[in-house]
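Q: The following block contains the structure, expressed as structure tokens.
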Amino acid sequence: MDDMKQMILDYIRKEYIDEDEADDVTLDENTKLISSGIVDSFSMVSLKRFLEKKYAISIPDGEATPQAFDSVMSIIGLVRRFRKEA
Amino acid sequence: MSDRFDYDRLRRELTWDGALKDLGLEPGGPVNIGRLCADRIVDLGRGRKTALVHEDHEGRQRIFSYLDLKTLTNGWAGFLEGLGVQPLDRVCLLLERCPELYISFVGVLKLGAIVQPLFSAFGDEALQQRAADSGAVAVITQHRHLGKVRKARERLPDLKTVIVVDHGPGSRPLREGEVAFDMMAHGVETRPVASTYAESPSVLHYTSGTTGKPKGALHVHGSVLAQYLTGRVVLDLLDDDIYWCTADPGWVTGTSYGIIAPWVAGVTQVVLDAGFSSDRWYQTIERHKVTVWYTAPTAIRMLMKDGLDPVRRRDHSSLRHMASVGEPLNPEAVHWGREAFGLDFHDTFWQTETGAIVVTNLPGMPVKPGSMGRPFPALEATVVDPVTGVPIREAGKVGMIAVRPPWPSLMRTYWNNTPTYLHKFLNGWYICGDRGSLDADGYFWFCGRDDDVINTAGHLVGPFEIESALLEHPAVAESAAIGKPDPVNMEVVKAFVALKPGFAPSVDLELDIMNFIRKRLSPLAMPQEIAFVEKLPKTRSGKIVRRLLKAQELGQEIGDTSTLED
């Protein structure tokens, strides 16, 4: 779980947080991603694709909700569920 | 139907002159949107009334009265003047939905400068294109967007000052040409408002077209008559209303109806500065007792996805009127609104260029689910033949949606691009660029765009802008972008990409290209899907044929291919 957590955190830090603002943003597994505006609902698609590729899963569009993507913890829960189903 | 909204009576009685009188203005006399939003309400004895309830993503609230609005906007005007900003200079706003965004917008107008709102999620390329075209002299922003401004700045020769609204003791240092401004510490009780008139430029909003770079639709202070009157009649804004417009002021709905209309009407408005979540939205209605709600079909469809349970867990009994804008409102969304709230969502139609609502379902008017409604009663709108511009009388026959000029909020030109502006008129009508038909009762029915512009979640995205940015990716040799139908967003961007030698399609590359566009342009412009192709269909003159890609995508007839290369 720690590996997965770190990988997702690294990806979010690299792709969604401007290097100039990196010092101002606190990011951990419980940080609100969607409701705080770090990741917007459009950009969620690239995050979903990243997860699908990295963990060889397919997340149905209906499951890719703002709530499910609102923190790294909830994303880990989603990924684990679909890995199990796969 | 309530007599107050009797359509035929409104057709006879509703006039722009009536709005002029309501606002205490004289024909040909001074008019300044900033003064009408703040000072006039204070002068009417309502200075202590709440103008803005702002709530951030952590639930913290900041509340501003109309008196606050007056003094803080005076402070902004004085500060900008002190920096050397002159009337008619362009001032960009690149801000999240913080109070400084709403209040500086009004302050810029009170100075007589032209306010140019930009979507805060724009990347540095999108920002640079728009600020370079307008020749903006100042950008008002926050630390989190400073990186993009700095990247764009070397290609913005007219930009003199960058104003940072959230600079504090712990912030990273500012650079030369950057200044901090804490508006809360700089309120000014009285200050003369610029002497502007109905035709004085006010707001510059950029919008996308099929070809070329984004175009700046220039509006004037006199547009306020249309925003005020449509706010009163279509949104039914009354003195005691608590109003919530969910649009971002980076786009025209967020300024015409997220700043100007509610504040000129003197109502209290709520701003939620947080990402989308169904429960948070219902909580906002419940907590603030929102009475009038103006939102977008994409948002409604996102709420629908979460079902009725979250709605039923919250008290929304305060709501009395709901309206929608940005894309056609599908019948299912209207039916769902009735089930969820016991109210109709009233679709409204307008665009950046029209400055205010032109076709609408009025409160009390029977809503035909899926229809855009009827012309706003103070103006004339119809459907015309695309070649002759002659109105089509036959019910159900598709033509171009058109509005008869003049009306107060029609753009006055495209900035630096008058020839394109002039092409928007045919046979004495302003042509909106959307296809539609009229039924026997005079209701409009939307059929689609007449060009390749992509409408994603109510925002127009130009394919040319995306294609140009795609070509800057090191792996991309050729590119095309189309709108792919989407059940929630109406359309999403799909890109077709031919790769340069030495690059092979992969999921990694797809992700890299998606993120490249997101950062350079905006999340809205980011392709949600990328198809890697050997080559793109072109005419013999080398122009990429998007219509063929779109027809293939939709499984439609490809049509005439005689002009294609192969």
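Q: Looking only at the stretch B:343-353, decide whether some residue is in contact with a helix residue (DSSP H, G or I) (Cβ under 7 Å, 6 or more places away or on another chain), surrounded by fewer than 21 Cβ atoms within 10 Å (Cβ to Cβ) and in a helix (DSSP H, G or I).
A: No, the stretch B:343-353 contains no residue that is in contact with a helix residue (DSSP H, G or I) (Cβ under 7 Å, 6 or more places away or on another chain), surrounded by fewer than 21 Cβ atoms within 10 Å (Cβ to Cβ) and in a helix (DSSP H, G or I).
Q: Considering B:Glu81, B:Glu26, which residue is part of a helix (DSSP H, G or I), in the same structural domain as B:His167 (by TED's automatic domain parsing), more than 25 Å from the chain's Cα centre (by Cα) and among the acidic types (Asp, Glu)?
A: B:Glu81
Q: (1) within 10 Å of the chain's Cα centre (by Cα); (2) within 12 Å of chain B (Cβ to nearest Cβ): which one isn't true of A:Ile8, the others all being true?
A: Here A:Ile8 meets the rest and fails (2).
Q: Taking the condition of being away from chain A (no Cβ under 14 Å) and among the acidic types (Asp, Glu), how many residues in the stretch B:270-320 meet it?
A: Number of matching residues: 2.
Q: Here's something else I'd like to know. Can you name the number of the only condition in (1) surrounded by fewer than 19 Cβ atoms within 10 Å (Cβ to Cβ); (2) at pLDDT 85 or above; (3) away from every other protein chain (no Cβ under 13 Å) that A:Val72 fails?
A: Going through (1) surrounded by fewer than 19 Cβ atoms within 10 Å (Cβ to Cβ); (2) at pLDDT 85 or above; (3) away from every other protein chain (no Cβ under 13 Å) one by one, A:Val72 breaks only (1).
Q: Further question: Looking at the stretch B:458-566, what strands (runs of 3 or more DSSP E) fall wholly within it and have at least 1 residues that are away from every other protein chain (no Cβ under 14 Å), more than 22 Å from the chain's Cα centre (by Cα) and not charged (D, E, K, R)?
A: In the stretch B:458-566, B:476-486, B:490-499, B:529-532 are the strands (runs of 3 or more DSSP E) which contain 1 or more residues that are away from every other protein chain (no Cβ under 14 Å), more than 22 Å from the chain's Cα centre (by Cα) and not charged (D, E, K, R).
Q: Something else about it: Which one of these is assigned to a loop (DSSP other than H, G, I, E, B), touching a helix residue (DSSP H, G or I) at 6+ places or on another chain (Cβ under 9 Å) and not assigned by TED's automatic domain parsing to the domain that holds B:Gly458: B:Pro310, B:Pro363?
A: Being assigned to a loop (DSSP other than H, G, I, E, B), touching a helix residue (DSSP H, G or I) at 6+ places or on another chain (Cβ under 9 Å) and not assigned by TED's automatic domain parsing to the domain that holds B:Gly458 holds for just one of B:Pro310, B:Pro363, which is B:Pro363.
Q: Show the residue pairs meeting these rules: Cβ distance below 8 Å; 6+ apart or different chains; first residue within the stretch A:1-17 and over 14 Å from B:Lys519 (Cβ atoms); second residue among the charged types (D, E, K, R).
A: So the pair list comes out as A:Lys5/A:Glu29; A:Met7/A:Lys54; A:Leu9/A:Asp28; A:Leu9/A:Glu29.
Q: Need the failing condition index for B:Trp407 against (1) in contact with a helix residue (DSSP H, G or I) (Cβ under 8 Å, 6 or more places away or on another chain); (2) hydrophobic (A, V, I, L, M, F, W, C); (3) not assigned by TED's automatic domain parsing to the domain that holds B:Ser208, just the number.
A: Going through (1) in contact with a helix residue (DSSP H, G or I) (Cβ under 8 Å, 6 or more places away or on another chain); (2) hydrophobic (A, V, I, L, M, F, W, C); (3) not assigned by TED's automatic domain parsing to the domain that holds B:Ser208 one by one, B:Trp407 breaks only (3).
Q: Quick check on the stretch A:32-40. Is at least one of its residues part of a helix (DSSP H, G or I) and within 13 Å of chain B (Cβ to nearest Cβ)?
A: No, the stretch A:32-40 contains no residue that is part of a helix (DSSP H, G or I) and within 13 Å of chain B (Cβ to nearest Cβ).
Q: Could you count how many residues in the stretch A:41-66 are more than 7 Å from chain B (Cβ to nearest Cβ), buried (at least 19 other Cβ atoms within 10 Å of the Cβ) and in contact (Cβ under 8 Å) with a residue 24 or more places away in the chain?
A: Result for the stretch A:41-66: 3.
The values are calculated or read from the model by the stated rules, or taken from the named source; none is laboratory data. What you are looking at is a predicted structure, and each value in this text was computed from that prediction instead of being measured. We place every Cβ from the backbone using ideal geometry, glycine too, and count neighbours over all the protein chains shown.
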